[in-house]
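Worksheet: one structure, shown below.
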Amino acid sequence: MRQVDTLLTGGTVVTMNAHRDVIEDGAVAISGANIVAVGPVERVRHMVTAEVEVDCRGQLIIPGLVNAHTHVPMTLLRGLTDDLRLDVWLLGYMMPVEREFVGPDFCDVGTRLGCAEMLLSGVTTFNDMYYFEEEIAQATVEVGMRAVLGQSILKFPSPDADSYEESLARCRTFIEAWKDHPLITPAIAPHAPYTNTDEILQAATALALEMDVPLHIHLSETALEVQDAERDFGAPPIEYVHNLGLLDAKVIAAHCVHIKSREIPLLARSGAGVAHNPSSNLKLASGFAPVLDMRAAGIPVGIGTDGTASNNDLDMFEEVRLASFLPKATSGDPTALPASDVFAMATIEGAQALHMDQEIGSIEIGKYADLVVVDQQAPHATPRFHLSANNVYSHLVYAAKSNDVRHVWVHGRQLLQDRRLLTIDLPAVRTRAIEIAASINDFMAEREGSLFNKTVAIGGFAQQETYEIQVKIRVDNFDAIEQALQSEDFEIVKHSVRQQFDTYFCFPGLMTDHYLRYREDNELAGPAVDGRVMGLSVRPTYTLTLMEGVIEREYRDSIILSRSRYTAQATYSLRFYREYFNPDREYEVVKWRHRYRILFEDTEFAINFDRVTRPQGLGDFVEIKSRTWSATDAEHKARLASRLLRRLGLSSTRDAHGEYLDLVRKAV
Ligand SMILES: [Zn+2]
């Protein structure tokens with residue numbers, strides 16, 4: 001008779017072994033970290049004597065669930081901002097807030113909160129990608145859960161590294177420190193192709209191979225990502241990383257929603273696992289992952305919750321249920337993906353996707369004792385049929401709720417007993433979580449109230465504030481003025497022709513004096529005749545300019561000194577900025593511009609001949625501008641500008657204006 005630590009008796013054991021054995025009135029014996037006996041209760045009783053016996057009659061004993069993809073400390077960002085497109089949500093909100101707040105304490109609290117939530121929904125192993133993974137590892141080990149922890153690698157500064165070289169070095173140290181821990185599998189997590197470079201992805205792959213650890217990455221999550229990859233890399237994301245050799249590592253690919261059919265064999269041959277995240281894909285409208293095709297090709301597909309900021313919870317039972325419904329609805333076939341297959345994805349196949357199926361994922365002798373007891377007393381769990389073994393999977397996938405989880409063991413240690421968390425002081429964790437949320441609240445309130453801060457949050461401004469002397473005059477035609485420009489008084493330094501598409505974002509309330517201008521500027525390479533240019537457009541440039549409608553001073557001839565602007569290169573799309581800044585009103589101005597840079601009395605001026613084509617009927621304008629930096633200089637340049645006007649035969653008394661936006665606003 002063997003002495004064991006714990007014996008679970010009388011429950012229905014859903015083994016998830018290769019035969020998918022389901023043992024009614026079964027028993028599971030735990031000794032140390034491992035399962036040492038499984039079988040009908042009478043037989044197991046003859047084999048072992050146990051220190052502790054847990055009566056599981058009327059309950060199900062299942063393998064601990066595997067959450068195949070998450071960002072666990074993001075529990076602290078739950079509900080911060082929702083109902084946005086992925087790029088606006090991630091680049092506009094999550095990453096800026098993370099850069100500001102994510103540190104060791106944040107990750108410690110967020111992990112404990114996430115672990116509490118996961119244990120209460122029957123999760124024993126999770127696959128994480130975040131920052132400060134050493135803090136996450138420490139907290140996870142103190143809680144007693146099992147995890148694959150991927151240290152994030154990005155091409156831009158992240159909360160825990162100023163450069164990718166630093167994050168790679170950090171990742172190496174992390175892997176070395178945790179490599180042989182019984183609960184933690186350290187991993188490297190280049191966030192996604194679009195947030196990395198060839199060089200970084202190859203360096204990450206090399207590190208994963210050298211240290212023999214998994215490589216966790218987001219791949220083909222949205223249609224836009226695939227489109228951009230085809231444009232930027234000449235291949236869809238999975239083909240692209242395959243070409244880089246990344247699939248040689250033990251890859252865990254999150255999402256694969258828009259995987260192309262020709263990419264499926266690439267993943268299958270490489271032995272990569274996929275983490276399917278139904279809630280996140282539905283909520284962010286990313287689409288429907290071809291789970292049936294990937295599984296048919298032999299790719300192990302696990303189920304993940306993704307982070308709580310895109311879900312917004314870590315409830316695996318809900319995730320399993322959604323994972324079962326989605327392929328049925330999208331294929332129009334209710335026989336697609338039966339409940340037993342979905343339950344496998346949440347257990348043994350999920351373990352395989354994490355390259356851990358030798359250790360966990362099923363209830364078999366020798367495997368780690370990661371076990372969950374699911375109660376069956378609730379009305380929604382009543383009755384249960386025994387016609388076939390499949391009845392139990394129907395029950396688990398279609399009816400069971402995470403509230404039914406009663407007990408959880410990980411690595412042979414009990415972490416949840418009658419829904420009581422044995423290793424987490426939940427009230428203390430909640431208090432700290434609420435404190436952190438309060439400071440995020442303050443930060444967001446300040447940021448959302450200032451266009452400047454809001455722009456800085458997504459990349460900042462390249463150019464400092466400048467002051468400008470300027471005057472704008474409506475003219476009937478440009479001929480006489482162009483003629484005058486040819487005189488000896490002027491030296492033309494540069495002349496260019498461009499078509500500019502300006503979109504002005506206007507805001508209500510306190511910010512009525514501030515507006516943003518998104519400009520697409522197409523400089524043309526050919527000669528222009530009357531606004532029509534017989535030439536080729538060069539690559540357009542995009543800028544975002546924060547303007548204040550403040551006139552600092554007015555001089556004679558309607559010449560004004562304006563405190564102008566902060567300019568940034570616009571690296572995102574107009575659609576992105578529109579959704580991110582959410583303006584109250586938008587105005588559009590399209591114009592042809594002849595831009596001259598001239599020297600007049602040894603001073604540089606810009607002279608623009610603008611033909612506004614949208615809105616129609618606004619007219620033709622001449623603009624004269626010069627940058628300035630002091631009150632005396634401004635005074636001097638204003639006098640020069642007056643003389644310049646006269647020399648060009650222009651009279652400003654007739655019709656002078658400031659910004660095009662003001663003209664358009666009046667016209668509308
Ligand atoms: Zn994710």
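The values are calculated or read from the model by the stated rules, or taken from the named source; none is laboratory data. Source: prediction; values computed, not measured. A quick note on method: Cβ atoms are made from the backbone with ideal geometry, for glycine too, and the neighbour counts reach across all protein chains shown.
Condition check for A296 on (1) crowded, with 23+ Cβ neighbours inside 10 Å; (2) more than 16 Å from the ligand (Cβ to nearest atom): one failure, at (1). Which numbered condition in (1) over 18 Å from K250 (Cα atoms); (2) away from the ligand (no atom under 16 Å from the Cβ); (3) aromatic (F, W, Y) is the only one that W89 fails? Here W89 clears every test but (2).
Yes/no per residue for (1) within 16 Å of the ligand (Cβ to nearest atom); (2) surrounded by fewer than 24 Cβ atoms within 10 Å (Cβ to Cβ); (3) assigned by TED's automatic domain parsing to the domain that holds M95:
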| site | (1), (2), (3) |
| --- | --- |
| E263 | no, yes, yes |
| N281 | yes, yes, yes |
| F288 | no, yes, yes |
| V291 | no, no, yes |
| G307 | yes, no, yes |
| D313 | yes, yes, yes |
| S331 | no, yes, yes |
| D341 | no, yes, yes |
| M345 | no, no, yes |
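A count restricted to the stretch 515-552 and to residues that are surrounded by 14 or more Cβ atoms within 10 Å (Cβ to Cβ), under 32 Å from the mean Cα position of the chain (by Cα) and modelled with pLDDT under 80 stands at 1. Pairing each residue of the stretch 59-76 that is assigned to a helix (DSSP H, G or I) with any residue that is within 16 Å of the ligand (Cβ to nearest atom) and of a type in the set (D, E, K, R), provided the two are 6+ apart or on different chains, yields C-beta distances under 7 Å for V72/D128.
Residues in the stretch 67-91 that are under 16 Å from S279 (Cβ atoms) and crowded, with 24+ Cβ neighbours inside 10 Å: N67, A68, H69, T70, H71, V72, M74, T75, L77. Would a scan of the stretch 216-223 turn up a residue that is more than 16 Å from the ligand (Cβ to nearest atom), in the same structural domain as N127 (by TED's automatic domain parsing) and more than 16 Å from I299 (Cβ to Cβ)? Yes, the stretch 216-223 contains a residue that is more than 16 Å from the ligand (Cβ to nearest atom), in the same structural domain as N127 (by TED's automatic domain parsing) and more than 16 Å from I299 (Cβ to Cβ). Of all residue pairs spaced 6 or more apart or on separate chains, those with beta-carbon atoms under 6 Å, a first member in the stretch 84-113 that is more than 12 Å from I136 (Cα to Cα) and a second member that is polar (S, T, N, Q) are L86/T222; Y93/T81.
Might you let me know whether the stretch 30-41 holds any residue that is modelled with pLDDT under 95 and more than 22 Å from A147 (Cβ to Cβ)? So far as the stretch 30-41 goes, no, none of its residues is modelled with pLDDT under 95 and more than 22 Å from A147 (Cβ to Cβ).
Given the structure, is L207 within 11 Å of R172 (Cα to Cα), away from the ligand (no atom under 13 Å from the Cβ) and among the hydrophobic types (A, V, I, L, M, F, W, C)? Answer is yes for this residue. Against the numbered list (1) within 16 Å of the ligand (Cβ to nearest atom); (2) touching a Ser or Thr at 6+ places or on another chain (Cβ under 9 Å), L84 comes up short only at (2). A single entry from P327, P338 fulfils the requirement of being under 31 Å from the mean Cα position of the chain (by Cα) and farther than 17 Å from T70 by Cβ: P327. Hey, can you tell me all the residues within the stretch 601-653 that are in a strand (DSSP E or B), among the aliphatic types (A, V, I, L, M) and buried (at least 18 other Cβ atoms within 10 Å of the Cβ)? Those that are in a strand (DSSP E or B), among the aliphatic types (A, V, I, L, M) and buried (at least 18 other Cβ atoms within 10 Å of the Cβ): I607, V612, V622, I624. With respect to (1) farther than 23 Å from F126 by Cβ; (2) within 44 Å of the chain's Cα centre (by Cα); (3) crowded, with 20+ Cβ neighbours inside 10 Å, the lone exception for V4 is condition (2).
Conditions tested, residue by residue: (1) of a type in the set (G, A, S); (2) touching a Leu at 6+ places or on another chain (Cβ under 8 Å); (3) surrounded by 14 or more Cβ atoms within 10 Å (Cβ to Cβ); (4) within 21 Å of A68 (Cβ to Cβ).
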| site | (1), (2), (3), (4) |
| --- | --- |
| D162 | no, no, no, no |
| T173 | no, no, no, no |
| I188 | no, yes, yes, yes |
| A192 | yes, yes, yes, yes |
| Q202 | no, yes, yes, no |
| D212 | no, no, no, yes |
| H216 | no, no, yes, yes |
| S220 | yes, no, yes, yes |
| A223 | yes, no, no, no |
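Please work out if V251 is within 13 Å of the ligand (Cβ to nearest atom) and either surrounded by 22 or more Cβ atoms within 10 Å (Cβ to Cβ) or not assigned by TED's automatic domain parsing to the domain that holds F343 (or both). When the stated conditions are applied, V251 does not pass them.
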